[in-house]
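> Mind looking over this structure? Questions follow.
The values are calculated or read from the model by the stated rules, or taken from the named source; none is laboratory data. No experiment lies behind these values; they were computed from the predicted model shown. Positions of Cβ are generated from backbone atoms using ideal geometry, with glycine treated the same way; all protein chains shown enter the neighbour counts. Heavy atoms of the whole protein, side chains included, go into the accessibility calculation; ligands, DNA and RNA do not. Shrake-Rupley method; radii C 1.70, N 1.55, O 1.52, S 1.80 Å.
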Amino acid sequence: MDLPWAQLTTLIITENFKGDLISSTPPRDIRPRGALSVVPLRALKSLDTASNAVINHLMVPRLEEARLGVDYPGDYDEGFLDSTIPSFYKLVLRSNCALTITSLRLRKIPVSDDLITLLSLTKNLATLEIRAKMSHFDTTPDAVSMKTIMTLVSMLQVTNPPFLPKLRHLSINLSKHLERRYFPYLEKQDELVKALQSRWNVGSGSGVEMLRTFRLGIFAQRLDDKDSAPSDSPLELDPETEEALQVLMNDGMKISIRVYSKFARHDAEHVRVNFGNM
């Protein structure tokens, strides 16, 4: 690639890049780092890629925002997507850029404890967007993803030291074929409410930013209840939850919670929850 590597501030590689970044790079732009050859992009501030072949060979000490994953995972093998967060974690350590990253957007990749480990480093992260990949019929990844996201939400409650103390915008989108038994948000609504209240009512001098916006979107297909009618779906917010969230919205927090359900024998999508002020 005949690119001005030293001057790049933005790098976008959205396809499943399977080439060899090192062999495609002029030797003058390559640096050895232990057993690994890397391309140091010292001016790069924005990275958008779905390719571990890129992530594994970059050093980006000034990285501010990253957009990882794919919009349509059908053309990507599971192993490739599973390794995206671990690969990016290594990039952060290699580049010493944990404190420069302020925005992280994840698209259609599995989330697990590796994500929590990564986020524990990015203490200045202000924007986090998660569009978690849910499997079609294999329910194990769903359980792991939901457990991780519930852990993340619970950890947002202000503690000492705080988790993601600079976070101002959080968006979580869980899509496709999520069975009822892997749907804890509307079964443990108090945890969600406590987390949002904690991040809005922060004490002065705590060093914790107020969470300004929260979005939760879920598309749930009841594969375990094919004979039920859409009107029988139990996906809803409790009155106590709506009241508590309304107080936060009245104070100025922007909240959006939308839940769709679709049944195997009913083609239409049904909005089960449409709550918020966004």
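> Could you check the simple spin-label distance between ASN277 and ARG42, using points 7 Å along Cα→Cβ, in nm with one decimal?
Label-label distance for ASN277 and ARG42, simple model: 4.7 nm.
> Follow-up question, since we're still on this one. Using protein chains only and a probe of 1.4 angstrom, how many square angstrom of HIS169 are accessible, to the nearest 10?
60 Å²
> What is the percent of Cα-Cα separations in segment 87-129 that go past 11 Å?
The answer is 67 percent, as a whole percent.
> Exceeding 28 Å between C-alpha atoms, which entries from my cross-link table qualify? They are LYS45/LYS147; LYS45/LYS123; LYS45/LYS194; LYS90/LYS254.
Checking Cα-Cα distances, LYS45/LYS147; LYS45/LYS194; LYS90/LYS254 exceed 28 Å.
> While we're on this one: Distance in nm between label sites at SER120 and ASN160, each 7 Å beyond Cα in the beta-carbon direction?
In this crude spin-label approximation the distance works out to 2.0 nm.
> Turning to a different aspect of this structure: What figure, in Å² to the nearest 10, do you get for the accessible area of PHE214 with a 1.4 Å probe and non-protein molecules left out?
Spelled out: PHE214, probe radius 1.4 Å, area about 0 Å².
> Where does each of 106-113, 40-47 land if you order them by average Cβ count within 10 Å, highest first?
106-113, 40-47
> What figure in square angstrom, to the nearest 10, would you give for the accessible area of ASP190 with a 1.4 Å probe?
The value for ASP190 is about 80 Å².
> Still on this structure: Under a plain spin-label model, where a point goes 7 Å from the Cα along Cα-to-Cβ, how far apart in nm are ARG212 and GLN246?
Result for the modelled spin labels: 2.6 nm.
> In nm, what is the difference between 0.36 nm times the number of residues separating GLU236 and TRP200 and their Cα-Cα distance?
10.6 nm
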